[in-house]
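S.K.: Structure incoming, see below.
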Amino acid sequence: MTKDRVLIFDTTLRDGEQSPGATMTHDEKLEIAELLDDMGVDIIEAGFPIASEGDFRAVSEIAERSKNSVICGLARAQFNDIDRCAEAVRKAAKPRIHTFIGTSPLHRAIPNLTQDEMAERIHDTVTHARNLVDNIQWSPMDATRTEWDYLCRVVEIAIKAGATTINIPDTVGYTAPRESADLIKRLIETVPGADEIVFATHCHNDLGMATANSLAAVEGGARQIECTINGLGERAGNTALEEVVMALKVRGDIMPFDTGIDTKKIMHISRRVASVSGFAVQFNKAIVGKNAFAHESGIHQDGMLKNAETFEIMRPEDVGIAGTSLPLGKHSGRAALRAKLKELGVEVGDNQLKDIFVRFKDLADRKKEVFDDDVLALVSDTGAESDHLQLVNLKVVCGTGGQAEAELEMEINGEDVTATSKGDGPVDATFKAVRELHPNTARLQLYQVNAVTAGTDAQATVSVRLEEDGVIATGQSADTDTVVASAKAYIQALNRLIVRREKVGTGVDTREISYKDV
Ligand code: KIV
Ligand code: ZN
């Protein structure tokens, strides 16, 4: 089956830039235009030349630099607007003027024109534009709220006056898919000369239907979709380029249409537009959102590891994303943890995996996302060589003067014991409490804290090195609570010290340790 070609008309630099707060600098506009041209956009609407000197300069320079795309400028139905627009696109290899006027009753009331007066204005301005440039697009703004008979009448006038593309804007995002398809279909069937020109669809997203309405218009016979990167645009935005392009690609079985877009370039331009416009992309945005190819739940991750098609209808590589992401979180299962460990080059046996998984779940309950470094910290936190000493509970109260009080509960050789100690800060108080319950002479040679991941819920990895009578033992622990990680690392080092000292035949004495002078 041969597929029909649908032209992609990008208006990120005009309708997109028009959205409050999305203004781009001259250089940023040039950069985005170059990326659009390079990705295969058929027509770039580069700006509204009469709007400002800056817009005029941007459209002119984009026109001059364009390689493949048609460069289009917007103009109201006024001769001076159209002249300025023609001047701006003049240097493009393929220039287009896009002129428009609001044709619905609400919009006709603004310039206070009767239907006849407006019809005459349309005839005159489209004729004028066509005398300047061969490629003319005309739009009846608010077409979806324009009376049917009047819409047919003005579309016919514009075609006769020389418009080569008729764009049907759903300016306020009011239409719905079936209506969108019908409108284009009926216009093509009704208006004389309609089969000689291209019909375009231009949808806004006020009811969240812009993509569906655009695709429905294509089914009705439109062969140009107007859209923006990331759906940037007035109010709720315009149809998102990445959505319509990928919908046509993925569902070519029921929508047999091709675009000329190199879809692998989608992600890069999406990021650039987000960055230069200052409009971040929502995490769950279709195609380009951070989570569009991310799977956290255990069932989904397990499925993805077995066959990516279980939960993905397109390959991330096709839109320029390196790969699927399986972020580890509290919903992740053992299969994903094992896969992550393998990816990090850590081979573990079943028993060790079981142990790491228990602590991983415990950590994931306290953290939104468990990062690679968190996993590595969990791995290095295994294998205390004895469990003479175990942390049961720790409560620390800190004061503003640096004084802290630790209430510690430990199990020592199976017996539950508690102690309360004051110290110079929470770690000092905690270590003193440990010493009170397990007196020893070990010297603290090293105490080091690293935040292994970003954010206030980051895991801290604490490393402790102890030395006693020439015997050295280290402990390491990771926790979102630095003091808890410190206590666990200290206790682990003491446990190892006990085992090592037993091996060299010495006992543990009861002298104070002097960890504060490290
Ligand atoms: O939404 C709209 O109607 C427009 C026109 C200028 C085409 O952007
Ligand atoms: Zn618009």
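S.K.: Determine how large the accessible area of Tyr174 is when every protein chain is in place; take a 1.4 Å probe and give Å² rounded to the nearest 10.
M.R.: 130 Å²
S.K.: Check cross-link reach from Lys3 to the lysines: straight Cα distance under 18 Å, and skip same-chain residues fewer than eight apart.
M.R.: Counting by Cα, and skipping residues close in sequence, Lys3 has these lysines nearby: Lys249.
S.K.: For segment 109-114, in order, what is each residue's ³J(HN,Hα) by Karplus, 6.51 cos²θ - 1.76 cosθ + 1.60 with θ = phi - 60°, in whole Hz (x at glycine and Pro)?
M.R.: Each residue of segment 109-114 in turn: 5, 5, x, 6, 10, 6 Hz.
S.K.: What are the ³J(HN,Hα) values, in whole Hz, obtained from phi via the Karplus relation 6.51 cos²θ - 1.76 cosθ + 1.60 with θ = phi - 60°, for each residue of segment 172-184 in sequence order, with x given for Gly and Pro?
M.R.: With coefficients 6.51, -1.76 and 1.60, one gets 10, x, 9, 6, 10, x, 5, 5, 4, 5, 4, 4, 5 Hz.
S.K.: So which lysines pass the test for Lys422, namely a Cα distance under 22 Å, with those fewer than 8 places away in the same chain ruled out?
M.R.: Of all the lysines, those that pass the test against Lys422 - Cα under 22 Å, at least 8 places apart if same chain - are Lys395, Lys432, Lys488, Lys516.
S.K.: Restricting to the chain, compute how many DSSP beta bridges are antiparallel as a %, nearest 5.
M.R.: 50 percent
S.K.: Pop out the ³J(HN,Hα) list for segment 477-485 in order, Karplus 6.51 cos²θ - 1.76 cosθ + 1.60 with θ = phi - 60°, rounded to Hz; leave Gly and Pro as x.
M.R.: Coupling constants for segment 477-485: 8, 10, 7, 6, 9, 4, 6, 5, 4 Hz.
S.K.: In debye, nearest 20: dipole of segment 230-314 around its Cα centre with unit charges on the Cβ of K, R (+) and D, E (-)?
M.R.: Around 320 debye, computed over segment 230-314.
S.K.: While we're on this one: Out of residues 5 or more away from Leu446 or on other chains, whose amide H comes under 5 Å of its own, with H placed 1.01 Å from N in the peptide plane?
M.R.: Counting only residues 5 or more places away or on other chains, the set is Arg465.
S.K.: Rounded if a/c is under 1.5, else prolate if a/b is larger than b/c, else oblate: which is segment 107-236, with a ≥ b ≥ c the root eigenvalues of its Cα gyration tensor?
M.R.: Prolate is the answer for segment 107-236, as a/c is 1.5 or above and a/b outweighs b/c.
S.K.: Among Ile225, Thr310, Val288, whose Cα sits farthest toward the positive end of the charge dipole of segment 212-314 (+1 at Cβ of Lys/Arg, -1 at Cβ of Asp/Glu, about the Cα centre)?
M.R.: Selected residue: Val288.
S.K.: Pull out a ≥ b ≥ c, the square roots of the eigenvalues of the alpha-carbon gyration tensor of segment 1-45, then state rounded if a/c is under 1.5, prolate if not and a/b is larger than b/c, and oblate in the remaining case.
M.R.: It is oblate, given that a/c is not under 1.5 and a/b is not larger than b/c.
S.K.: Quote the charge dipole size of the chain about the Cα centre in Debye, to the nearest 20; the model charges only the Cβ of Lys and Arg (+1) and of Asp and Glu (-1).
M.R.: 420 debye
S.K.: Still on this structure: Could you tell me which residue out of Ile97, Leu36, Phe79 lies farthest along the dipole of segment 29-99 toward its positive end? Charges go on the beta carbon: Lys and Arg +1, Asp and Glu -1, centred on the Cα centre.
M.R.: The listed residue farthest towards the positive side: Phe79.
S.K.: For the chain, what log10 I(q)/I(0) values come out of the Debye formula at q = 0.10 1/Å, with one point per alpha carbon and no solvent?
M.R.: -0.80
S.K.: Okay, next question. Of all DSSP beta bridges located in segment 1-122, what percent are antiparallel, nearest 5?
M.R.: 0 percent
S.K.: Can you grab the distance from the C-alpha centre of segment 159-207 to the C-alpha centre of segment 325-399, Å, no decimals?
M.R.: Computed from Cα coordinates, the inter-centre distance equals 57 Å.
S.K.: For segment 1-111, what does the alpha-carbon gyration tensor say about shape, rounded, prolate or oblate, given a ≥ b ≥ c as the root eigenvalues, a/c under 1.5 as rounded, and a/b over b/c as prolate?
M.R.: Since a/c reaches 1.5 but b/c is at least a/b, the shape of segment 1-111 is classed as oblate.
S.K.: Which whole-number value in Å² is the accessible area per residue of segment 235-324, probe 1.4 Å?
M.R.: Ligands and nucleic acids excluded, the figure is 49 Å² per residue.
S.K.: Run the helix sum for the chain: -39,500 (n - 2.57) per DSSP H stretch of 4+ residues, divided by residue count, reported at 222 nm to the nearest 500 deg cm²/dmol.
M.R.: -12000 deg cm²/dmol
S.K.: Follow-up question, since we're still on this one. Excluding same-chain residues fewer than 8 positions from Lys29, which lysines have a Cα within less than 27 Å of its Cα?
M.R.: In chain and number order, the partners are Lys67, Lys91, Lys94, Lys264, Lys265, Lys285, Lys290.
The values are calculated or read from the model by the stated rules, or taken from the named source; none is laboratory data. Just so it is clear, the model here is predicted, and its values are computed rather than measured. Here the Cβ is made from the backbone with ideal geometry for all residues, glycine too, and neighbour counts use every protein chain on show. These accessible areas exclude ligands, DNA and RNA; they are computed on the full protein's heavy atoms, side chains included. Shrake-Rupley method; radii C 1.70, N 1.55, O 1.52, S 1.80 Å.
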